[in-house]
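Scroll down for the structure; my scribbles are underneath it.
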Amino acid sequence: MECDHWGNITVPENQTELLSLVNGERLRGGPTTTELCYGNPQVRTRLVHLISDYAETHPEVDYLHFWLDDRTNNTCECDLCRHKRVSDHYIKILNDLDTELTERNIPTRIVFLIYSDLIWPPEEEKLINKDRFALMFAPIARFYNEPYELPAEDIDLPPYQMNENKPPSNIQQLVGFLQKWQEAFPGPGFAYDYHMWYFHFYDQGYYGYLNLLAEDIRRLADLKLDGFVSCQMQKTFFPHGLPHFANARLLWNPGNSVDELAGYYFKGSFGEEWNEALDYMKTLSDLFSPEYFYGKKRGRKVDDAETQEARAKLSKVKDAVSEFYPVIERNLDVENSVQNLSWKLLEVHSGMVVIMAEALLARDESRSEDEKAAWEDLGGYFVEHEDITENLFDVWSFKRIFPLLR
Ligand SMILES: [Zn+2]
């Protein structure tokens, strides 16, 4: 459960030696971020029994995910653990788990994770029963300005350095690590990626990242992966639901054209003036420069031509909205109820993007008072329009990304 990131755990004093020892301290974070001392056989046995009991009482679960390491550099440094990579400990537990499930005659498949410190493949251990497992490649550190890319043959992969790891954001290096894992586990696997986790908040036309998503899906076969799971907000239907529709259709047929899918979807959603609505969305995606602002989030400080272009584009949002507004206005009373809702959502969205563009521009130009005022305005605007957006737009998550919003 997502909330387990911030939940509390109580560990009895006589069991703290089961927790990961880092810098001389037994770590106690939230439930999903507290690592254990995996070199301790008692820890491995308890984990194996816990997971097996769950699988036994949930036969409806065909693929059960068992993940470690939702943060980097929390690996236990005790004498039992320090000489192995966390992925070697992981494989050892997975093999024990397979033995236990086989003994109990439980057919559940186990999904294991390549992510964070686990991006470095095991050095010593190998998965024994390949039929039991599926690999999940979760390149969370990547950017969304270039699709999956096979690495050059001589690519350098950063070394594993216990608790000083820096998982790469370079997609070729990430795929290079995937290939190393696939040498150890040539079984089924899939990507688990984050296009609609919060990258989509930066793309206010909900259109720009679809071409990237489509290309990623088309390249799954090159990566020897068999599928794709989107790690994302559930409420990602504001201002429209094309990303979901396109994602599903592309997984069914990666040869689909994004423009054709968009045409089909928008014709149904917006009726007669669907093409105008689609062009407007493309314009907004372009004017918000999502890759630029997503990159900024990771600490980019260079003030160059790209910066100037991104700022110039943001300052055009207001005019683009004014120019398109008459089209929205004349469609607000269309009879078809689906299309009627679509245009009403665009109407609310048009007010949002103008304020959001002001806030992002002020943020980028370090005008902190203007920025604060704009986010405050936007917070008020969301409250005012919550009756129409609450099932379609995740304000809580939006606030997490733009914390000055009140
Ligand atoms: Zn340990």
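What the table shows:
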read-out: Any helices (runs of 4 or more DSSP H) falling wholly within the stretch 290-356 and containing at least 1 residues that are under 26 Å from the mean Cα position of the chain (by Cα); value: 290-297, 305-314
read-out: Failed item in (1) at pLDDT 95 or above; (2) out of contact with any Pro (no Cβ under 9 Å at 6 or more places or on another chain), with LEU101 passing the rest; value: (2)
read-out: Some residue of the stretch 59-72 being outside any loop (DSSP other than H, G, I, E, B) and without any contact (Cβ under 8 Å) to a residue 60 or more places away in the chain; value: yes
read-out: Tally, over the stretch 73-99, of residues that are part of a loop (DSSP other than H, G, I, E, B), surrounded by 19 or more Cβ atoms within 10 Å (Cβ to Cβ) and more than 11 Å from the ligand (Cβ to nearest atom); value: 2
read-out: The stretch 332-355 residues that are under 17 Å from GLU376 (Cα atoms), paired with ones that are of a type in the set (Gly, Ala, Ser) and in a helix (DSSP H, G or I) (beta carbon under 8 Å, 6 or more apart); value: ILE355/ALA374
read-out: Within the stretch 141-162, considering residues that are without any contact (Cβ under 8 Å) to a residue 60 or more places away in the chain and among the hydrophobic types (A, V, I, L, M, F, W, C), the one surrounded by the fewest Cβ atoms within 10 Å (Cβ to Cβ); value: ALA152
read-out: Residue in the stretch 360-370 that is in the same structural domain as PRO290 (by TED's automatic domain parsing), outside any loop (DSSP other than H, G, I, E, B), closer than 16 Å to GLY241 by Cα and not aromatic (Phe, Trp, Tyr) present; value: no
read-out: Selection count, the stretch 35-57, where residues are touching a strand residue (DSSP E or B) at 6+ places or on another chain (Cβ under 8 Å), more than 16 Å from the ligand (Cβ to nearest atom) and in contact (Cβ under 8 Å) with a residue 12 or more places away in the chain; value: 2
read-out: Those residues of the stretch 27-46 which are crowded, with 18+ Cβ neighbours inside 10 Å and not in a loop (DSSP other than H, G, I, E, B), in sequence order; value: LEU36, VAL43, ARG44
read-out: Filter pass, TYR202 being of a type in the set (Phe, Trp, Tyr) and out of contact with any Pro (no Cβ under 7 Å at 6 or more places or on another chain); value: no
read-out: Matching residues in the stretch 58-71 - criterion: being of a type in the set (D, E, K, R) and either at pLDDT 95 or above or within 13 Å of the ligand (Cβ to nearest atom) (or both); value: GLU60, ASP62
read-out: Condition broken by GLU183, with the remaining ones in (1) in contact with a Phe, Trp or Tyr (Cβ under 9 Å, 6 or more places away or on another chain); (2) in contact (Cβ under 8 Å) with a residue 60 or more places away in the chain; (3) of a type in the set (D, E, K, R); (4) surrounded by fewer than 18 Cβ atoms within 10 Å (Cβ to Cβ) satisfied; value: (1)
read-out: Qualifying positions in the stretch 101-117 - touching a His at 6+ places or on another chain (Cβ under 7 Å) and either surrounded by fewer than 18 Cβ atoms within 10 Å (Cβ to Cβ) or without any contact (Cβ under 8 Å) to a residue 12 or more places away in the chain (or both); value: none
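The values are calculated or read from the model by the stated rules, or taken from the named source; none is laboratory data. None of these values were measured; they are calculated from a predicted model. Backbone-built Cβ (ideal geometry, glycine too); neighbour counts: all protein chains shown.
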